[in-house]
Amino acid sequence: MENKRPFKTIYTCFPQGKHKVLTMSYDDGKIFDRKLIEIFNKYGIKGTFHLNTGIMPVDEDRIQLSEVKELYKGHEVSCHTSTHPTIERCPLDQVVQQVIEDRKALEDAVGYPVRGLSYPNGSYSKDIINLLPACGIEYSRVVGSTDDFAFPDNFLEWKSTCHHGHNLMQNAERFADLHKTQYLYMMYVWGHSYEFDRDNSWDLIEGFCKFIGGRDDIWYATNIEIVDYMNAAKNLKYTAKGDRVYNPNAISVWIEVDGQHYEIKPGELKEI
């Protein structure tokens, strides 16, 4: 008599059935982003860049809006507030204006909805977290390092694995060695590109990108790509038996069913 398991084991996967994702996050939009992006592009690394559009016109050391669309192509442009105040000390209506005006200027520059933020000076509060969705913000990065590869409980309090000056290669080596495919892992690195020039440490980030880039088991993604993908995965609709799945999203989602990978295409009802 055939022995069938009573339930299927269904796992969410990253694109192409991968179980690891790497994302990078850099603040302030200083001119050193140009060199950092060259390095990222060389090794297939994708990053999110948080910009202050109110400071750009008065600071010649910052990327200007006219350059933003072309420079950051293939990466993500995200908010960092217009003028970089310590927003926990600001009236909430001013916080809203800081975010919205930054979004407007960035969206005019790049031509797509800008939906992310990193908190300037690492400053935020529960009240600010609560108002961000009404400002069109779907994630925001805090400062600090977890030295971990887990996902945040709340994408609006997204803490990185590490700053690039904190255990970068040690964490990269640990991340590369992760092989248990029953888990999803994320390595998230943040910093400021001017720090590489200030600290004479361009070899650090190039060595990291060379080491971690081009791996078959890692998805290289921007911050918003991760948020969109995880939301799409949660939005898959399964039958009660777990024998079919419907994807109502506009992007493909990958799953693993009893060890076999499936791509569920947009609008597809698939037998699994």
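Can you give the charge dipole size of segment 18-231 about its Cα centre, rounded to the nearest 20 debye, using +1 on the beta carbon of Lys and Arg and -1 on the beta carbon of Asp and Glu?
On the way: 22 positive and 33 negative charges, 88 e Å.
Once rounded to the nearest 20, the dipole reads 420 debye.
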Return the sequence-ordered ³J(HN,Hα) values of segment 95-109 in whole Hz as given by the Karplus equation 6.51 cos²θ - 1.76 cosθ + 1.60 applied to θ = phi - 60°, using x for Gly and Pro. 4, 4, 5, 4, 6, 5, 5, 5, 4, 4, 5, 5, 5, 5, 6
Over all distinct alpha-carbon pairs, what is the Kirkwood Rh of segment 124-272 in angstrom? 17.8
Per-residue Cβ contact counts at 10 Å, fewest first, order His166, His19 as His166, His19
Classify segment 35-169 as rounded, prolate or oblate, taking a ≥ b ≥ c as the square roots of the eigenvalues of its Cα gyration tensor: rounded when a/c is under 1.5, otherwise prolate if a/b is larger than b/c and oblate if not. oblate
Mind checking which of Phe7, Tyr188, Cys209 is farthest towards the positive end of the chain's charge dipole, using Cβ charges of +1 (Lys, Arg) and -1 (Asp, Glu) about the Cα centre? Phe7
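Which order do Cys209, Cys79 fall in if you start with the one that has the fewest other Cβ atoms within 10 Å? If you can, show how the numbers build up before the last one.
Values: Cys209 21, Cys79 30.
Fewest to most other Cβ atoms nearby, the residues stand as Cys209, Cys79.
Tally the DSSP beta bridges in the chain and give the antiparallel ones as a percent, rounded to 5.
35
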Loop-resident trypsin sites (Lys or Arg not before Pro) in segment 118-226 with no more than 10 other Cβ atoms inside 10 Å, DSSP not H/G/I/E/B, are Lys180
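If Lys and Arg each add +1 and Asp and Glu each add -1, what is the summed charge of the other residues whose beta carbon sits under 15 Å from the beta carbon of Gln170? Before the final figure, lay out each step's value.
Numbers: positive: Arg174; negative: Asp147, Asp148, Glu173, Asp177.
Residues close to Gln170 contribute a combined charge of -3.
Per residue, how big is the convex hull around the C-alpha atoms of the chain? Give it to me in cubic angstrom, could you? Don't skip to the answer; put the middle values down first.
Details: hull volume 37.7 nm³, N = 272.
Taking only Cα atoms, the chain has a hull volume of 139 Å³ per residue.
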Looking only at chymotrypsin sites (Phe, Trp or Tyr not before Pro) in DSSP loops with at most 16 other Cβ atoms within 10 Å, what is the longest site-free stretch of the chain? 8-182
Among the lysines, which have Cα under 19 Å from the Cα of Lys104 when same-chain residues fewer than 8 positions away are ignored? Lys69, Lys73
Where does the charge balance sit around Met187 when Lys and Arg score +1, Asp and Glu -1, over other residues with C-beta under 10 Å from its C-beta? +1
Which order results if Glu76, Glu67 are arranged by neighbouring Cβ count within 10 Å, fewest first? Glu67, Glu76
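Values in this text are rule-based calculations from the coordinates and carry no lab data. Please read these numbers as outputs of a predicted model, since none were measured by experiment. Cβ coordinates were reconstructed from backbone atoms using ideal geometry, including for glycine residues, and neighbour counts include every protein chain displayed.
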